[in-house]
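A.B. asks: I'd like to ask you about the structure that follows.
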Amino acid sequence: MIQIKNYINGTLVDAISNQRLNNIAPATGKVYSQLPDSDERDVAAATQAAKNAFSIWSSLSAEKRGDYLTQISKKILEKLEFFAQAESMDSGKPLWLAKQTDIPRAASNFKFFGTGIQHFASESHYMEETAINYTLRRPIGVAGCISPWNLPLYLFTWKIAPALAAGNTVVAKPSELTPLTAFYLSEICIEVGLPAGVLNIVHGLGAKVGTAIVKHPEIPVISFTGGTKTGEEIARTAGPMFKKLSLELGGKNPYIVFNDATLEDAVNTAIRASFTNQGQICLCGSRLFVQRDIYETFKNEYLKKVKALRVGNPADDKNFMGALVSKQHLEKIESYVQLAKEEGGIILTGGNRIQFPGELSEGYFYQPTVIEGLSFQCRTNQEEIFGPVVTIQPFDTEEEVIEYANSTSYGLASSIWTNDVKRAHRVAEKIKTGIVWINCWMLRDLRTPFGGMKSSGVGREGGWEALRFFTEPKNVCIKL
Ligand code: NAD
């Protein structure tokens with residue numbers, strides 16, 4: 001049984017309460033590790049350590065801080081196979097996906113911000129013959145970073161790396177459902193000699209550890225990725241404390257195919273956009289809108305490919321999909337498919353759990369599911385399901401599909417398929433999402449602003465946006 005520990009003030013420790021939580025492997029439904037059931041006392045110790053480390057860390061040169069981050073990045077890549085196996089076991093995601101995407105991206109996050117900070121500059125504003133202003137950007141202090149289970153190390157490091165690069169110290173909390181790779185990251189930090197207290201990782205429940213981070217008066221900046229409801233709760237606590245907040249929340253992303261799209265590409269990418277990571281990516285396209293004159297052709301090609309998708313043991317590279325993250329999440333998916341039926345939806349394929357024999361018999365597997373015949377306003381098409389369930393519906397005009405696309409409270413990402421450049425620009429401009437992909441999906445350049453509109457969040461991550469977020473700007477005005 002793997003015993004996960006907190007990483008506080010440079011050492012690996014148990015929770016002060018000495019209590020532990022069981023951690024389940026989604027593919028088997030069996031407990032395979034335990035994590036500290038930490039509470040506000042552990043968060044207080046971590047925050048104190050981070051506070052103490054702040055003056056040393058923030059006064060190191062950007063180059064020196066960058067060196068530490070680059071070393072961490074290298075170590076992650078050296079242990080890619082080990083990390084990928086851990087991520088796959090912990091989350092149920094296919095091993096090939098962890099190897100191809102999650103772990104390389106976690107390493108890139110450290111390298112990207114570790115090098116980027118050395119090019120980070122601030123603005124200067126010249127007032128004709130009167131004064132010159134310059135913006136001084138300094139690290140803020142102790143940053144709180146809270147991340148979800150769907151891309152565990154990938155999203156955890158997406159916050160930690162810019163926070164540290166900018167000179168802050170960090171108290172971080174991974175999801176209690178997927179704590180393993182964050183634990184292994186703490187071992188790497190010890191290996192590379194990251195100064196004690198610079199990064200602290202506190203494991204445990206959101207209601208205990210997460211809220212303690214958000215409420216802590218010595219943590220003035222919070223970066224959170226997770227569900228919209230949790231984001232709301234965090235904003236309610238952090239708002240009156242005037243904390244700097246970045247909230248990356250849920251999505252209900254449209255995937256729009258116009259009649260002039262290159263059909264084969266649109267279909268193949270739709271498969272990835274719908275079902276990668278069992279549909280548990282905030283960017284997944286869960287509402288497919290296809291122009292009426294190509295609707296039947298698209299639908300038939302798409303369904304043929306969905307039916308051929310293999311679901312099963314995440315360790316087997318032949319399987320495109322692994323297990324859902326938890327029993328609770330599986331039940332949530334089932335309840336949404338039931339709701340879709342009640343709302344008049346027709347299940348074109350899928351719609352059931354999968355029961356495997358042997359060691360996977362207790363695993364949380366669900367069929368890739370496609371539903372037709374629903375109105376764009378029904379709950380199934382308005383609420384985030386966050387699983388392998390998509391709806392498909394026809395549209396006639398550009399105006400109509402823009403209305404459908406913008407009809408939810410979310411505004412994270414969209415994907416538009418057309419070979420008409422003018423139309424692509426027009427629709428991109430009108431769609432209310434923080435990210436618009438034209439003829440692609442999840443093509444990421446780490447320099448671009450990443451985040452959502454409306455209930456999908458507040459603020460942007462990535463590139464200079466992240467480094468600006470994790471620094472406090474101060475204008476210095478010098479009279480000439
Ligand atoms: P969640 O909100 O339940 O949990 C996210 C993290 O917050 C976990 O570490 C959890 O322990 C912690 N937490 C829970 N309650 C808390 C509280 N009251 N105060 C502070 N922390 C608390 O989300 P989840 O189920 O882990 O993740 C799935 C959600 O994340 C989906 O809605 C998905 O769309 C969203 N997501 C968004 C993005 C994005 O970039 N916009 C990326 C990935 C996932």
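The values are calculated or read from the model by the stated rules, or taken from the named source; none is laboratory data. These numbers were taken from a predicted model, which means no experiment stands behind them. Neighbour counts run over all protein chains shown; Cβ positions are idealised from the backbone, glycine included. In case anyone asks, the SASA skips ligands and DNA or RNA and just uses the protein heavy atoms, side chains included. Shrake-Rupley method; radii C 1.70, N 1.55, O 1.52, S 1.80 Å.
A.B. asks: Amide H to amide H, which residues 5 or more places from residue 285 or on other chains are under 5 Å from it, using H placed in the peptide plane?
C.D. replies: When sequence neighbours closer than 5 places are left aside, the close amide H contacts are 274.
A.B. asks: Sort 448, 380 from largest to smallest accessible area, using a 1.4 Å probe on the heavy atoms of the protein chains.
C.D. replies: Values: 448 55, 380 0 Å².
My answer, sorted largest first, is 448, 380.
A.B. asks: Using label points projected 7 Å from each Cα along Cα→Cβ, tell me how many nm separate residue 478 and residue 377, to one decimal.
C.D. replies: About 6.1 nm, to one decimal.
A.B. asks: While we're on this one: State, to one decimal in nm², a quarter of the convex hull surface area for the C-alpha atoms of segment 253-448, i.e. the direction-averaged projected area. Write out the running numbers ahead of the final one.
C.D. replies: Working: hull surface 44.2 nm².
Across all orientations, segment 253-448 yields a mean hull projection of 11.1 nm².
A.B. asks: Near the amide H of residue 461, under 5 Å away, which other amide H atoms are found, from residues 5 or more places off or on another chain, if H is placed in the peptide plane?
C.D. replies: Sorted by chain and number, the residues that satisfy this are 450, 451.
A.B. asks: Right, something else. Largest first, what is the accessible-area ranking of 145, 477 with a 1.4 Å probe? It would help to have the intermediate numbers written out before the result.
C.D. replies: Values: 145 0, 477 80 Å².
Descending order: 477, 145.
A.B. asks: Continuing with the same structure: Excluding residue 166 itself, what net charge comes from residues whose Cβ is under 11 Å from its Cβ, given Lys and Arg +1 and Asp and Glu -1? If you can, show how the numbers build up before the last one.
C.D. replies: Details: positive: 65, 137, 138, 468; negative: 472.
With Lys, Arg at +1 and Asp, Glu at -1, the net is +3.
A.B. asks: How large is the accessible surface per residue of the chain, computed with a 1.4 Å probe and reported in Å² as a whole number?
C.D. replies: Working: 19010 Å² over 480 residues.
On a per-residue basis, 40 Å².
A.B. asks: In nm, give the distance between the simple-model label positions of residue 51 and residue 341, each being 7 Å from the Cα along the Cα-to-Cβ direction.
C.D. replies: 5.6 nm
A.B. asks: Please give the helix 263-275 orientation as an angle from the longest Cα principal axis of the chain, in degrees from 0 to 90, rounded to the nearest 10.
C.D. replies: 60 degrees
A.B. asks: With a Förster radius of 45 Å, plug the Cβ-Cβ distance of residue 272 and residue 191 into 1/(1 + (r/R0)^6) and report the FRET value to the nearest 0.05.
C.D. replies: Details: r = 35 Å, r/R0 = 0.78.
It comes to 0.80.
A.B. asks: So, one more: Can you compute 3J(HN,Hα) from phi for each residue in segment 369-379, using the Karplus curve 6.51 cos²θ - 1.76 cosθ + 1.60 with θ = phi - 60°, rounded to whole Hz and x for Gly and Pro?
C.D. replies: 10, 10, 10, 10, x, 9, 7, 5, 8, 5, 4
A.B. asks: Can I ask one more? Could you give the distance between the Cα centres of segment 444-478 and segment 31-54, to the whole Å?
C.D. replies: 27 Å
A.B. asks: Can you tell me the 0 to 90 degree angle between the C-alpha axis of helix 152-165 and the longest principal axis of the chain, rounded to 10?
C.D. replies: Compared with the principal axis, the helix lies near 30 degrees.
A.B. asks: Okay, moving on. Which value at 222 nm does the chain reach when only helices count, each DSSP H run of 4 or more adding -39,500 (n - 2.57), with the total divided by all residues and rounded to the nearest 500 deg cm²/dmol? Provide the component values of the computation, followed by the final result.
C.D. replies: On the way: 15 runs with 179 residues, N = 480.
Counting only the DSSP helices, I get -11500 deg cm²/dmol.
A.B. asks: In the chain, carbon and sulfur make up what percent of the accessible area (probe 1.4 Å)?
C.D. replies: Values: 10080 of 19010 Å².
The nonpolar share, carbon plus sulfur, comes to 53 percent.
A.B. asks: Would you mind checking the tilt of helix 80-91 against the longest principal axis of the Cα atoms of the chain, expressed as 0 to 90 degrees and rounded to 10?
C.D. replies: Helix 80-91 sits roughly 60 degrees off the main axis of the chain.
A.B. asks: Using only protein heavy atoms and a 1.4 Å probe, report how much of residue 425 is accessible, in Å² to the nearest 10.
C.D. replies: Only protein atoms counted, so the area is about 130 Å².
A.B. asks: Which whole-number value in Å³ per residue fits the convex hull of the alpha carbons of the chain? All intermediate terms of the calculation are to be shown ahead of the outcome.
C.D. replies: Details: hull volume 71.2 nm³, N = 480.
Taking the convex hull of the Cα positions in the chain, it is 148 Å³ per residue.
A.B. asks: Okay, moving on. Express as a percent, rounded to the nearest 5, the fraction of DSSP beta bridges in the chain (both residues included) that run antiparallel.
C.D. replies: On the way: 33 of 74 bridges.
If I count the DSSP bridges inside the chain, around 45 percent turn out antiparallel.
A.B. asks: Using a Förster distance of 35 angstrom, determine the FRET efficiency expected from the C-beta separation of residue 439 and residue 327, and round it to 0.05.
C.D. replies: Details: r = 38 Å, r/R0 = 1.09.
Using R0 = 35 Å, I get an efficiency of 0.40.
A.B. asks: For residue 191, tell me the accessible area in Å² from a 1.4 Å probe, rounded to the nearest 10.
C.D. replies: 100 Å²
A.B. asks: Something else about it: Using a 1.4 angstrom probe on the protein heavy atoms only, could you order 467, 21, 177 from most to least accessible area?
C.D. replies: Values: 467 0, 21 35, 177 65 Å².
Output order, biggest surface exposure first: 177, 21, 467.
A.B. asks: If I stretch the segment between residue 349 and residue 215 completely, what's the gain in nm (0.36 nm per residue apart, minus their alpha carbon distance), one decimal?
C.D. replies: Extra length available between residue 349 and residue 215 comes to 43.7 nm.
A.B. asks: Roughly how many Å is it from the Cα centre of segment 366-408 to that of segment 138-210, as a whole number?
C.D. replies: 35 Å
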